[in-house]
Structure formats: C-alpha cells, structure tokens
1. Provide a single number: the residues in region 1-11 that are surrounded by fewer than 17 Cβ atoms within 10 Å (Cβ to Cβ) and either in a helix (DSSP H, G or I) or acidic (D, E) (or both).
2. Tell me, which residue of region 255-282 that is among the acidic types (D, E) and assigned to a loop (DSSP other than H, G, I, E, B) is surrounded by the most Cβ atoms within 10 Å (Cβ to Cβ)?
3. Looking at region 356-383, which of its residues are in contact with a strand residue (DSSP E or B) (Cβ under 9 Å, 6 or more places away or on another chain) and either open to solvent by less than 40 Å² (accessible area, probe 1.4 Å) or part of a helix (DSSP H, G or I) (or both)?
4. Among the residues of region 172-191, is any among the polar types (S, T, N, Q), at pLDDT 95 or above, in contact with an Asp or Glu (Cβ under 8 Å, 6 or more places away or on another chain) and open to solvent by less than 70 Å² (accessible area, probe 1.4 Å)?
5. Identify all residues within region 441-461 that are in contact with a Ser or Thr (Cβ under 8 Å, 6 or more places away or on another chain) and touching a residue at least 40 places away in the same chain (Cβ under 8 Å); write none if there are none.
6. List every residue pair whose Cβ atoms sit under 6 Å apart, with the two residues 6 or more apart in sequence or on different chains, where the first one lies in region 161-180 and is farther than 15 Å from I56 by Cβ and the second, anywhere, is open to solvent by 50 Å² or more (accessible area, probe 1.4 Å) and not in a strand (DSSP E or B).
7. Could you count how many residues in region 205-240 are of a type in the set (A, V, I, L, M, F, W, C) and open to solvent by 10 Å² or more (accessible area, probe 1.4 Å)?
8. Just give me the residues in region 241-254 being assigned to a loop (DSSP other than H, G, I, E, B) and either open to solvent by 40 Å² or more (accessible area, probe 1.4 Å) or touching a residue at least 60 places away in the same chain (Cβ under 8 Å) (or both), in sequence order.
Amino acid sequence: MPDLLLELRSEEIPARMQRKAAGDLRKMLTDGLVEAGLTYEAAREYWTPRRLALDIRGLTARSKDIREEIKGPSTTAPEQAVQGFLRKAGLSSIAEAHVHSDPKKGDFYVAHISKPGRAAQEIIAELVPGIIKSFPWPKSMRWGPASAKPGSLRWVRPLQSIVCTFGPETEEPVVVDFEIDGIRAGNVTYGHRFHAPGPIAVRRFDDYVAKLEAAKVVLDADRRKEIILHDARNIAFANGLDLVEDEGLLEEVSGLVEWPVVLMGEFEQDFLTIPGEVIRLTIRANQKCFVARPQGAGEDLSNRFILVANIEASDGGMEIAYGNGKVVRARLSDALYFWKTDQADLPDLDQLGGSAAKFGLDLKKPLDQRMARLDHLNVTFHAKLGTQGQRVERIKRLAQELAPIVGADSALVARAAVLAKADLQTEVVGEFPELQGAMGRKYALLQGEHASVAAAAEEHYKPQGPSDRVPTDPVSVAVALADKLDTLTGFWAIDEKPTGSKDPFALRRAALGVVRTLIENRIRLALTSVFAKVFANFKGGADQSFDLLAFFHDRLKVYLRDQGARYDLIDAVITPQSDDLLQIVRRVEALGSLLDTEEGKNLLAGTKRAANILAAEEKKKTLIAETVEPALFREDAEKKLYAAVNRAEKEAGQAIQNEDFSGAMLALSVLREPVDSFFEGVLVNDEDQAVRANRLALLARIRAATDQVADFSKIVG
C-alpha cells in the first residue's frame with residue numbers, strides 16, 4: 001500500500017511550539033483522510049526548528065465508492081420539510097428523489113446517493129492547502145509582497161517549501177501536486193542552513209531521513225535529545241563534573257538545533273558566591289545552557305557550563321564557547337549585583353517606619369525592610385481583594401489560629417507569615433519570579449531567622465503540582481494552609497471561581513494543595529468553621545462556604561481517584577456537610593477494607609436488597625411502621641435480625657463517636673448472616689398489614705444502621 005511523506009519547511013519555529021504543532025498536523029491530516037474515506041496503518045510526526053514532517057504508512061490508494069439511502073419526509077409533508085431534505089441529501093429538486101411506501105406510514109421520499117471513490121492524491125491535494133491555511137498556531141505572521149493582499153497565507157514563520165510524495169515501496173513515488181500562495185509542492189527539501197544549504201531531491205520517508213542526516217539534520221527530536229544528553233554527560237564526566245540535568249531545558253534546546261554539537265564554556269570562580277539556583281536560572285534563561293557540579297560535591301556548582309551549538313565549527317567550537325562565556329559573565333555580573341543589593345539597606349528606609357510598626361518588623365534586617373516596603377507601597381494583590389500587606393495580615397491571623405491544630409509554635413508561625421511574601425520586593429525575584437520562596441528562605445537564613453521560619457518562606461507555596469511534595473514542618477504547614485485558604489475564600493467572596501477549563505488564579509491547584517497537605521500530614525480540620533472566619537474578612541463579599549466546600553469535595557475526589565480509590569466508595573461516604581477531609585479518607589479506607597471481605601460483599605448485597613424493597617414500597621406509599629414492634633415477629637429470623645441490628649447500630653455508633661471507622665465496619669459486618677437468613681426465610685410483604693409494616697420498619701433499621709458509615713445505595717455491586 002502507498003505511503004505519504006509531507007514536509008512543511010519554514011524559517012525557525014519557536015521551540016515551545018514545535019511538538020504540539022507536529023501533533024496538530026498529524027491529527028488534522030489523518031482525521032481529514034479518514035473523513036474522506038481513506039484508511040492508513042500508521043502515522044508519525046517529526047519536527048526540527050525548520051520543518052514539520054509526517055510519515056503516513058499504508059494509506060489506501062483510493063476511497064471506496066459510497067452508496068447510501070437518506071430517508072426523507074412524507075410525500076404529504078410541508079414544503080419547508082421537503083426543502084430541508086433536499087439540502088441534506090444534496091439534491092437540486094424533489095424529482096431526483098425516489099418514493100418508497102410503508103404500510104403504516106404511507107409514502108415517503110428517499111434519496112439514493114452514489115458517490116464514486118476518489119484517488120488518494122486528489123484528496124491529499126485538496127486537504128493539505130486547507131490545513132496549512134487554517135493551522136492553529138498560537139501566533140502567526142504574513143510576509144513578502146503577498147502579505148498586502150486580503151486572505152494571504154499566515155504561518156508561524158515564513159513558509160519556504162513543501163515536500164509531498166506518495167506511492168508504494170515497490171514503485172517510484174509521485175509528487176502530489178498542489179500550490180498555496182505561490183509555493184508548489186514538490187520533492188525537494190534543504191538540509192542544514194550552513195553545512196548543506198543546497199537542494200536535496202527525496203523520494204519517500206526512509207530516503208528523506210537518510211539524506212537529511214547526510215545533510216546534517218537529525219529529524220527525530222527525541223533522538224536529538226538523546227544525543228545532547230549523552231554528549232553532555234560525557235563532556236561533564238571527562239572534566240570531573242556531573243551534569244545538572246534539566247528535562248525542560250533539554251526539550252527546549254532540542255528544538256533550537258538540527259545538528260546538535262555539545263561544547264563546554266566557563267566563567268570566573270568569583271561568581272560562585274551567588275546562590276546556585278540563581279546561577280542556574282541566569283544561565284538557563286539567557287543562554288539556554290546547562291550547569292554542572294564537581295563530582296561528589298553535593299549541591300555546589302562548578303564554574304563550567306554546557307552549551308549546545310547548531311554547527312560543527314572549524315576550531316572545534318572554541319570561539320562559540322568563548323562568545324557564550326562572555327554573555328554568561330555579563331549576566332552573572334547582573335545577578336551578583338542583585339544578590340548583593342538584596343542584602344543592603346533600601347534607599348527609602350526612612351519611610352518604612354509605619355509599616356514596620358504594624359508588622360513588628362526589625363528594620364535592621366534586609367528581609368524585614370522588604371516586607372515593610374511591600375506594605376508601604378500598597379502593592380496590589382487583586383483589585384477587589386486589597387493589597388499584599390492586607391493579605392499578609394489576614395494570612396498571619398489565620399495561620400496563628402491554625403497553629404495549635406497543626407502542632408506549630410504560634411510565635412514562629414506569626415513571624416513566618418509576616419516574612420513569607422517579603423522576597424517579592426527583592427531584586428533577584430524581580431528578575432527571576434520563579435525563585436520566589438526559594439530566595440525568601442535564603443535571605444531569612446542569612447539574617448538569622450529560625451530554620452522553620454526560613455523553611456516556611458519557601459514551603460508555604462507548596463505543593464505547586466501533583467508531583468511536588470507537601471510541606472511537613474508544622475510552621476510551614478500552618479502558613480501554607482492559611483495562604484491557600486485565604487486565596488480560595490477571597491476569590492469565592494468576589495465570585496471569581498474557575499469555570500470549565502479556565503482557572504486564571506490557579507484555584508484548583510490551591511484547593512488540591514490544601515487537600516494533600518491535610519491528608520498527607522493526617523490533620524483534622526473543620527473547613528466550614530475556617531471558611532466562616534475568613535469570609536468575614538471580605539466586607540461586602542458573600543459567605544459561600546457551602547459552595548466552596550463542594551469545590552473541595554470535587555478536588556478530594558480527584559485526589560483519591562488518583563490514589564486508586566473507587567469513585568463509588570467516595571460518593572458513598574461524602575455528604576454535602578462533610579467538612580473534615582481526613583475523616584472522609586478514613587471512612588473510604590475502612591469501607592474499602594470491609595467490601596474486600598466476603599462478609600462485606602454479602603452485607604452490601606443484603607443491604608441494597610433491603611433498600612430497594614423499601615424504595616419500591618415508599619414509592620407506592622405502603623404503610624411502614626415508625627418503630628419496630630417485637631410482639632409482631634412470627635419467625636426466628638426476624639428476632640435474630642432485630643437483635644443483630646440493635647447490637648450493630650449501637651456498636652457502630654459508638655465506634656464512629658470514637659472515630660474508629662474500621663471498628664464501625666466490623667460492627668456492621670455481623671449483620672451479614674442475619675440479613676441473609678431473613679431474606680431466605682421471611683416474606684416481607686405479608687398479607688397482614690401490621691406484620692408487613694413491621695417488617696418494612698425492620699428493613700428501615702438496617703438502612704439506618706449502615707447509613708451511619710456510608711450510603712450503601714451508591715456502591716456499585
């Protein structure tokens with residue numbers, strides 16, 4: 001079967017766009033081919049800085065002939081319905097339709113549609129220009145004289161050539177002929193911009209890859225990443241160093257080069273007085289280079305860095321490495337200035353006394369000065385939620401209330417909350433916002449703060465994603481919870497909630513952070529009481545505690561499902577009022593353990609049977625006694641079940657009071673045998689109305705006993 005090769009070659013595509021663009025191209029083209037009636041065996045996308053390519057194998061040479069019938073309205077239908085049918089069927093008049101008869105419905109119109117198959121080349125030549133014109137680049141441009149015309153081609157960077165060949169392995173492939181804005185598809189591409197700038201005629205994918213490789217272009221991005229990582233590790237090792245690996249940077253750099261050449265540069269040892277994170281970010285952000293550390297030196301960095309060039313230089317890359325070193329040194333000079341400036345007094349120190357008094361700050365300390373300035377400048381957190389200074393005050397109050405709950409020292413918590421946002425006013429964080437928190441910790445330690453206070457400056461932002469760890473130091477936990485809860489209640493108070501896929505303030509992440517922090521640290525916290533206190537801080541805002549709690553329930557469900565918990569067990573234990581997330585988790589765990597046993601499975605079946613009978617009778621408004629009357633029992637099974645329910649209800653209730661949910665499940669498990677015996681030997685719908693009402697009341701007692709721990713009706717099985 002024929003194979004299709006497509007290449008769209010352009011000026012350099014931004015690295016961050018390449019992987020998604022190649023995937024979009026594959027999806028758009030394969031979807032279009034399938035919709036047109038073609039099938040294919042495999043499709044894979046490739047990309048380099050200057051090209052997107054597709055290799056589609058086993059594509060059918062022709063679409064199938066289509067014969068179908070489209071049923072229309074009755075022959076007596078109004079004209080509007082007939083016209084709609086004609087449009088749907090693609091008929092020009094009703095005379096082109098056929099009339100069919102149905103014994104019940106009478107005569108109706110039918111369109112017999114016959115569409116002959118089309119050659120794959122014709123379909124491809126029609127599809128590709130449309131895909132190019134409608135391609136979903138985040139940003140695109142027009143260029144050249146044609147750009148002045150309305151509707152001219154837009155692409156991420158000027159599109160230079162198109163390769164499109166089609167044919168089976170055993171034959172010479174043909175060029176699929178089409179043109180878009182003066183660029184005609186052909187079989188000619190170009191290799192590396194400097195090493196092989198001349199034209200290269202290609203036939204099919206294997207030939208294309210081999211010729212590009214010979215022209216100093218590695219087409220496969222994952223292979224470029226492997227080359228870079230392998231060579232970077234080797235050059236580091238050869239110099240007594242370990243590469244500091246960075247997957248994000250590796251992905252980006254692989255999108256900057258077509259022929260990766262790994263080199264090593266260096267900078268002066270004096271710059272190593274700058275924190276390693278700052279050095280790494282400076283070199284990464286400005287030069288897209290990797291850093292290294294001496295072998296066995298822990299976290300300390302080396303004054304060497306590793307860069308990836310896109311050319312094999314005649315001098316072995318010495319000039320390239322030297323040029324990169326000059327830029328790195330200039331950037332590190334800036335970073336060193338920022339680092340030293342952050343440890344010096346602020347020029348407006350004499351204006352910060354009021355803010356210092358408000359927060360109990362020591363203006364002899366650099367980080368305290370930065371917090372005072374943050375408040376003094378009235379830096380806005382959100383137009384409707386006040387300034388950063390006001391927010392810090394709220395976080396401090398809430399963190400101190402949470403301190404005894406999480407086992408933290410209240411004085412340390414207050415100090416940590418006050419300093420947690422201070423690094424937002426530092427020069428380093430101004431240059432590298434991603435270092436907020438990390439720099440707060442460093443500066444706090446430099447001015448002699450307690451280790452827990454310094455840790456909280458960094459850890460109160462955690463967790464920042466599903467793979468990030470949660471804070472465990474009690475001081476960090478208190479400030480982290482206060483920070484996230486203040487954010488969530490604030491945005492709920494002003495009705496700025498996440499909608500659909502939009503969550504500009506990362507509120508889902510904040511809520512999941514609270515969930516994980518509470519559960520992974522095994523902390524009991526009544527959320528609704530916290531919400532009520534925090535909502536009171538926002539004058540004019542509505543108390544939306546109930547709605548916010550439901551949002552937390554959704555985040556908890558996401559978390560528990562990711563941990564492998566069954567969705568039905570979560571639904572069975574959560575009620576709209578459940579505000580202790582750790583208790584919910586314990587109930588789910590205990591319920592899962594019960595249902596893993598034979599007793600649990602049989603109890604579930606019996607309980608659901610009882611619930612179904614009750615639901616059916618309640619729907620029919622059958623009389624159900626308010627209480628169970630033992631004098632009306634006729635069978636031993638009734639008596640045994642009644643005694644078992646009384647005992648289980650009492651023991652389960654006591655266990656729940658003691659928060660022993662496993663014990664509560666164990667207490668309920670003894671109902672398994674008497675419930676089974678009851679349904680085997682007792683007819684619930686007895687002819688005697690009083691007996692029937694009494695037996696239904698007994699079933700209601702079973703439901704009430706199990707409802708203490710979970711709504712068994714929501715459990716699948």
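The values are calculated or read from the model by the stated rules, or taken from the named source; none is laboratory data. Because the structure is predicted, anything quoted here is derived from the model rather than measured. FYI the Cβ positions are ideal-geometry reconstructions off the backbone, even for glycines, and counts take in every protein chain you see. Side chains included, ligands, DNA and RNA excluded: accessible areas come from the protein's heavy atoms. Shrake-Rupley method; radii C 1.70, N 1.55, O 1.52, S 1.80 Å.
1. Qualifying residue count for the region: 1.
2. Among those that are among the acidic types (D, E) and assigned to a loop (DSSP other than H, G, I, E, B), it is E258.
3. L374, D375
4. yes
5. Listed by number, the residues that qualify are Y443, S452, A456, H460.
6. V175/N187
7. 9
8. E245
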